[in-house]
Amino acid sequence: MTNKNAPSIYALILAGGTGTRLWPRSRRDRPKQLLALFSDRTMLQETCDRIAPIIPRDQIFIITNEGYVETVREQLPDVPPGNIIGEPEGHGTAPAIGLGALHIQKRDANAVMVSLHADHYIERADAFRAAILNAALVAAKGYLITLGIQPRNPETGYGYIHRGELIETLGEQPVYRVAQFLEKPDEATAIRFVQSGAYYWNSGIFAWKISTLWEEYERFQPKLCTQLGKIGKALNTPRAHSTLERVWPTVPTETIDVGIMEKSQRVAVLPISVGWSDVGSWATLLELLPGNGERNVVIGDHVGVDTSSSLLYSPNRLIATVGLKDMIVVDTGDAILVCPKDRAQEVKHIVQALKQNNKHKYL
């Protein structure tokens, strides 16, 4: 899938999250993006595989926690080791994307950069790749592009994008100016958003020219831009690592959404319907993985009586259940999670409680 008029595209995959809502499978030393949840490939590997037909692997960069760098290199042997960037500590997506942009700029200052997350599920990869190519074409004209997901239901767990006027149509693909980014709504508001047809889920997937991105960093994040500039000047020199270690702890913690996208007047949304999910909880896996006749998703060994619409994960020993419905049961050998599927988002509170109770071996 190529277009001779398309700009040179580089990808930055954000792979530094901790995935607390998939505890106890997702742990501090092996977070969600480094796990195989849908096949024999990890989510990070699947993300690379998805874009490899349109972006060469030597143009794919990964930014992750310093502690995950070696694991990422092992999982992605076809990606040059120098393309895998370790953050000394997490400060949100605005600094992380800026750091990745510095590395890509050294390679090609005129490139279009696509920013992706390592832990998203996408069912229709061909349609997604087509959307990326279209987004790159529009980004080359000076827009900051965000991919908006056509909502399947009035979801209250996602932020929304309100579209403005039509900018252009690429084949059958419309591109709209963004009128407004909105925070996670209540149920009544989400229903109104979906019924209107003018709102999309915010996927956190972006495309922009490197030069356009830096103009907006200079305008809206001048302090961060100056700090990133110091790091950029030291890249490919003997002082690169020491400069990063010195400057990085001082950068502000900020998201790209709040720090740049919500402030810029150059933002456009490209709506897509590709079977996207951010795999935000165990309940999401219950929706995405194939179930049996009782609508149970079973990973491992399970015997159930009057058990339905539940996720049972236990690769190492038998789980036996009686009278369960709409439940999550996850057994990792050293820990067992049991919760109703409609409270799966609250698993992150378990992780907080483990920290507060000094049960760090379970993190």
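The values are calculated or read from the model by the stated rules, or taken from the named source; none is laboratory data. Keep in mind that what you see is a predicted model, and the values were worked out from it rather than measured. Reconstructed Cβ throughout: ideal geometry from the backbone, glycine too, with neighbour counts over all protein chains shown.
Would you check if GLU218 is loosely packed, with under 14 Cβ neighbours inside 10 Å and more than 18 Å from GLU87 (Cα to Cα)?
yes
Quick one: in region 224-253, which of the residues that are small (Gly, Ala, Ser) and farther than 19 Å from ALA94 by Cα is surrounded by the fewest Cβ atoms within 10 Å (Cβ to Cβ)?
Ranking the qualifying residues of region 224-253, first place goes to SER242.
What pairs come out if I take residues in region 163-174 that are farther than 10 Å from ALA130 by Cβ and pair them with residues that are among the aromatic types (Phe, Trp, Tyr) and not in a strand (DSSP E or B) whose C-beta lies under 9 Å away, six or more apart or interchain?
If the second residue must be among the aromatic types (Phe, Trp, Tyr) and not in a strand (DSSP E or B), the pairs left are ILE167/TYR143.
Of everything in region 139-171, what is more than 15 Å from SER196 (Cα to Cα) and either assigned to a loop (DSSP other than H, G, I, E, B) or of a type in the set (Ser, Thr, Tyr) (or both)? Give them in sequence order.
ALA140, LYS141, GLY142, TYR143, THR146, THR156, GLY157, TYR158, GLY159, THR169, GLY171
Does region 92-119 hold any residues that are assigned to a loop (DSSP other than H, G, I, E, B) and surrounded by 20 or more Cβ atoms within 10 Å (Cβ to Cβ), and which are they?
Once the filter is applied, which keeps residues that are assigned to a loop (DSSP other than H, G, I, E, B) and surrounded by 20 or more Cβ atoms within 10 Å (Cβ to Cβ), region 92-119 yields ALA111, ALA118, ASP119.
Return the total of residues in region 36-64 being modelled with pLDDT under 95 and within 22 Å of ILE350 (Cβ to Cβ).
So the count comes out to 1.
Suppose we filter THR307, THR284 for residues that are at pLDDT below 95 and surrounded by 18 or more Cβ atoms within 10 Å (Cβ to Cβ); which single one remains?
THR284
Give me the pairs, please: first residue somewhere in region 216-231 and without any contact (Cβ under 8 Å) to a residue 24 or more places away in the chain and assigned by TED's automatic domain parsing to the domain that holds ARG266, second residue anywhere and of a type outside the set (Phe, Trp, Tyr) and assigned to a helix (DSSP H, G or I), beta-carbon distance under 8 Å, and either six or more positions apart or on two chains.
GLU218/CYS225; LYS230/THR243; LYS230/VAL247
Counting only residues that are in contact with a helix residue (DSSP H, G or I) (Cβ under 8 Å, 6 or more places away or on another chain) and closer than 30 Å to THR226 by Cα, give me the strands (runs of 3 or more DSSP E) lying completely in region 251-346 with at least 2 of them.
267-272
Count, please, the residues in region 32-56 that happen to be buried (at least 16 other Cβ atoms within 10 Å of the Cβ) and in a helix (DSSP H, G or I).
Final tally of qualifying residues: 11.
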